[in-house]
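Let me begin by presenting the structure, written as structure tokens, before commenting on it.
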Amino acid sequence: AEVFKKVSKFISQFMPRLKNKVEHYTAMQPLFDKYEIDFEVSRSLGRKVWLKSGGYIIIDEAEALVVIDVNTGKFVGKKDLEDTILKTNLEAVKEIAHQLRIRNCGGIIIIDFIDMEKEANREKVLEALQEDLKKDRAKTSITGMSLLGLVEMTRKRVRPSLLKALCEPCSYCDGKGYIKNKNTISSEIFRQIERDYFTVKSTSDTIIVHCHPSVADWMYDEESISLEGLEKKVSKRIMFKVQPEFHVEQFEVEM
């Protein structure tokens, strides 16, 4: 109540036209729960956004580029394929316009709609997108739709995107969004051992590889034959010492 009075006083003095917009919320249920804010924010931070029909869109945000891909997913439609594609694209239009606003995406935006054979259908989707973007306070500009269903547009960036405001790059994958698989890492270990064998002078009859536990398990389970072959080639025994604190891609070869 005290904060409500202070806010009302401030609004009355500096923004009187908004005075009637301020309300004192007294219900027990938290506001974020009542309006499902947490759910909506969580949904808008994910790559995949499901559509009511069963289709979905994938949103990837780069530094100055946003790419949106539309897919039919589980939606098969009731008529022909073109009808299914059109309905999915039209449903995706509304969700895309909504997501651009709530995520505050800016810069160049490429939308990959599902390919449509009929020119009339492509025009329907483009017109629907232009209509839904009219609700957007940020300035938008659409160049048109290609024969492949690609739409290139721009949206003025007025503040950091939701992703930049609420998230930070993953400390594990360093913002790449992926890590090397065990097969790739094991190949790198084999090459490093061979490289060091010819360049590092060592009298030890054992080579110790420090690596993540999951990589060591993979080497023993999936690369045992290759491991035996390499041991014969370098005339040394190869042992693995697990380092739980290591990044899964990290390893050190001790000759």
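The values are calculated or read from the model by the stated rules, or taken from the named source; none is laboratory data. Keep in mind that this is a model prediction, so the values were computed, not measured. All Cβ positions, glycine included, derive from the backbone under ideal geometry; neighbour counts span all protein chains shown. Areas reflect the complete protein model, heavy atoms only, side chains present, ligands, DNA and RNA absent. Shrake-Rupley method; radii C 1.70, N 1.55, O 1.52, S 1.80 Å.
Charged neighbours of V253, selected by a Cβ distance under 9 Å, balance to -2 (K, R count +1; D, E count -1).
What is the sum of charges, Lys and Arg at +1 and Asp and Glu at -1, for the other residues whose Cβ falls under 14 Å from the Cβ of M145?
Details: positive: K118, R122, K124; negative: D112, D115, E117, E119, E123, E127, E152.
Net of charged neighbours comes to -4.
Pairs of lysine residues in the range 91-157 that meet both criteria, 8 or more places apart or on different chains and Cα atoms under 25 Å apart, total 13.
Computed extension length for I225-T184: 13.1 nm, one decimal, from 0.36 nm per residue of separation with the Cα-Cα distance subtracted. GNM, the chain, Cα, under 10 Å: largest mean-square fluctuation among E63, E127, E223? Among E63, E127, E223, the largest mean-square fluctuation in the Gaussian network model of the chain belongs to E223.
Pulled fully out, how much extra length does the chain show between E131 and Y25, if you take 0.36 nm times their separation in residues and subtract their Cα-Cα distance? The partial results should precede the final answer.
On the way: separation 106, 0.36 × 106 = 38.16 nm, distance 3.43 nm.
So the extension gain works out to 34.7 nm.
In whole Å, what three semi-axes, largest first, describe the equivalent ellipsoid of the range 1-62 built from its Cα gyration tensor (square root of 5 times each eigenvalue)? In descending order, the three semi-axes are 37, 16, 10 Å.
Note the full-extension length gain between K5 and F32 as 0.36 nm times their separation in residues minus their Cα-Cα distance, in nm to one decimal. Spell out each step's value before the answer.
Values: separation 27, 0.36 × 27 = 9.72 nm, distance 2.16 nm.
The K5-F32 span can extend by a further 7.6 nm.
Rounded to two decimals, the Cα radius of gyration of the chain over 2.2 N^0.38 Å is 1.54. Listed by chain and number, the aspartates and glutamates whose alpha-carbon sits under 19 Å from that of K5, ignoring those within fewer than 8 places in the same chain, are E23. Highest mobility in the GNM of the chain, judged by mean-square fluctuation with C-alpha springs under 10 Å and restricted to M145, M116, M15, is found for M15.
Projected area of the range 191-255, taken from the Cα convex hull and averaged over every viewing direction, in nm²? Present the calculation step by step, with values, prior to reporting the outcome.
Values: hull surface 16.5 nm².
Averaging across all directions leaves 4.1 nm² for the Cα convex hull.
A straight line joining the Cα centroids of the range 1-79 and the range 135-207 runs 28 Å. In the frame of its principal axes, the range 126-255 has Cα extents of 73, 35, 28 Å, reported largest first. Here the chain exposes an accessible surface that is 54 percent carbon and sulfur, computed with a 1.4 Å probe and the other protein chains kept in place. Per residue, the chain exposes 66 Å² of accessible surface when a 1.4 Å probe is rolled over the protein heavy atoms with every protein chain present. Comparing V209, V66, V41 in a Gaussian network model of the chain (Cα springs below 10 Å), the most mobile by mean-square fluctuation is V209.
May I ask what percent, to the nearest 5, of DSSP beta bridges between residues of the chain are antiparallel? Don't skip to the answer; put the middle values down first.
Details: 24 of 35 bridges.
In the chain, approximately 70 percent of DSSP beta bridges are antiparallel ones.
Counting only alpha carbon atoms, the long axis of helix 119-133 and the longest principal axis of the chain meet at about 80°.
Excluding D205 itself, calculate the net charge of residues whose Cβ lies under 9 Å from the Cβ of D205, where each Lys or Arg counts +1 and each Asp or Glu counts -1. Please list the in-between numbers first.
Details: positive: K236, R237; negative: none.
Neighbour charge sum, excluding D205 itself: +2.
Converting phi to 3J(HN,Hα) with the Karplus coefficients 6.51, -1.76 and 1.60 and the offset θ = phi - 60°, the range 83-97 yields 5, 4, 5, 4, 4, 5, 5, 5, 5, 5, 4, 5, 5, 5, 4 Hz in sequence order, with x at every glycine or proline. Show the residues, 5+ positions off or on another chain, whose built amide H is closer than 5 Å to the amide H of I109. Amide H to amide H, under 5 Å and 5 or more residues apart or across chains, I109 pairs with V66, M153, T154, R155.
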